[in-house]
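> I'd like to ask some things about the structure below.
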Amino acid sequence: MRFSAAGTLRAAVVALTMAGPAVPLAHAVPAAPDTAAMLARVRTLTAPALAGRGSGTSAVLAAADTITGWLAAAGLEPAFAGAWQQAVPLTGTGWAGQDLAGREDRNVAGVLPGRGSLADRWLVVGAHLDHLGRVVPAGDDAPPPGPDDYYPGANDNASGVTVVCDIIARLVGDADATDRRGIVFAFFGGEEVGLQGSARFVGEPPLPLDRVDAMINFDTVGRMTDRRLYVSGLGTTPAFADIVPAANSDGLDLSLGQGGWSGSDHMSFNTREVPVLFVFGGPYEDYNRPADTWDHLDPASLRDVAAYGARLVAAVASRPGPLPWRMVGEKDLREDGHVDGNRDTWFGSLPDFTEEIVGYKLAGVFDGSPAARAGLQKGDVLVRMAGEPIADLAGFTRVLRAHDPGDLVEVEVRRDGSPLRFTVVMGNRADRK
């Protein structure tokens, strides 16, 4: 086990973050979330010592070590044949174009064994631990970044990490004999550079994937608007249709989606025919910006998501019987190239026809639109949407109308030559002001 400069900071919060009472892992509501402990973990992960947890850096390895310490203190068992971490060799380029060849991230995972007749079945509960790292100078004449010039990634995704840790703290002491699945709590590296950590996990899993009945992914859950929480993937197994709303005993405004393809680590499991749920707090103005700091999180959102998440995990873990995977595809589109589909779905952009380029260039973004809330800007060139390459306006429109209002859609744009990814919550034209 590697312990780094972050270890000193970690030691100060381990006892606080992982203390918790024994709670039955069933449909009963677990003990209340520890909001102060969740914020303490976020402050640890977003501190200057971890420099934004950029993929392929020593800082992200230090973050993995920090999380390893939390899992060990919680009383989990190592997931990877006696080890807590799994190396993730990186390929390709980083979000700012840096070469990742020869670098690596780490996955971190711990196990809570199952009980009774479901003990040989498994549930994976995950969150990605990496973010964007240090600020890259805007040009040759720009001053070099200082020690505090980094992307903290408090909401994306220190919030998901801390919520999963809170769930662990309240479920790990279970002494109930109720039948339930074992749970692998996994924290993935390499998410920001193409889901490389979760791809490694399913490619070399710590247990056979045919024994994994479901995966629940928490990403960007530290800020909600009007207590609205987005949960997608309900269509990937029939049981989710009643489990997901039944866990909502606190009156959250759940926005439910059927598909499991929105861009985060659950996609790696869905492609391996594992049912998935994606829990997401919604778009926010500080996305992928240095202003995504711990003090911009909403403690009430962390508390409410952790409470809901614990009930959701408990319900899926104890659900009797099989959870068969179902394919949820895009809406059918006409083969002759004409655009049909949903004309009510709203993205909120204006096309720029002044340049001959490959992609859909944004001449403007409407204030308050789904595109604006997700963080898209004038001048962005949209090159991929919902996994489909976008060559022009027609391609964009075709994919747009394959979705319904409320769907979560991953888009990739080029901004000043750099690739960026965003999750857009599609709107309804009827709600446009």
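None of the figures in this text is laboratory data; all of them are computed from the coordinates on show. This structure is a prediction, so every number in the text was calculated from the model and none was measured. Cβ atoms come from the backbone with ideal geometry, glycine included; neighbour counts cover every protein chain shown.
> If I histogram all Cα-Cα distances within segment 345-431 using bins 10 Å wide from 0, what percent of pairs lands in each bin?
19, 59, 21, 1
> Distances longer than 13 Å among the Cα atoms of segment 269-323: what percent of all pairs is that?
Details: 1084 of 1485 pairs.
Summing the P(r) of segment 269-323 above 13 Å gives 73 percent of all pairs.
> Now, a different point. Where the only charges are on Cβ atoms (+1 Lys, Arg; -1 Asp, Glu), what is the dipole of segment 6-318 about its Cα centre, to the nearest 20 debye?
Details: 21 positive and 35 negative charges, 137 e Å.
About 660 debye.
> Moving on to the next point. Provide 407, 105, 156 in ascending order of the number of other Cβ atoms located within 10 Å of each residue's Cβ, fewest first. Could the numbers behind the result be given before it?
On the way: 407 25, 105 32, 156 29.
The fewest-first ordering by Cβ neighbours comes to 407, 156, 105.
> Between residue 404 and residue 228, what is 0.36 nm times their sequence separation minus the Cα-Cα distance? Round to one decimal in nm.
Details: separation 176, 0.36 × 176 = 63.36 nm, distance 1.75 nm.
That pair, residue 404 and residue 228, stretches by 61.6 nm at full extension.
> Let me ask something additional. Given the Cα-Cα distance of residue 256 and residue 91 and 0.36 nm per residue of separation, how much length would full extension add, in nm? Don't skip to the end; give the middle numbers.
Numbers: separation 165, 0.36 × 165 = 59.40 nm, distance 3.40 nm.
Length gained, residue 256 through residue 91: 56.0 nm.
> Report the gain in length on full extension from residue 73 to residue 291: 0.36 nm times residue separation, minus Cα-Cα distance, nm rounded to one decimal. Display every interim value, and only then the final one.
On the way: separation 218, 0.36 × 218 = 78.48 nm, distance 3.11 nm.
Result: 75.4 nm gained on full extension.
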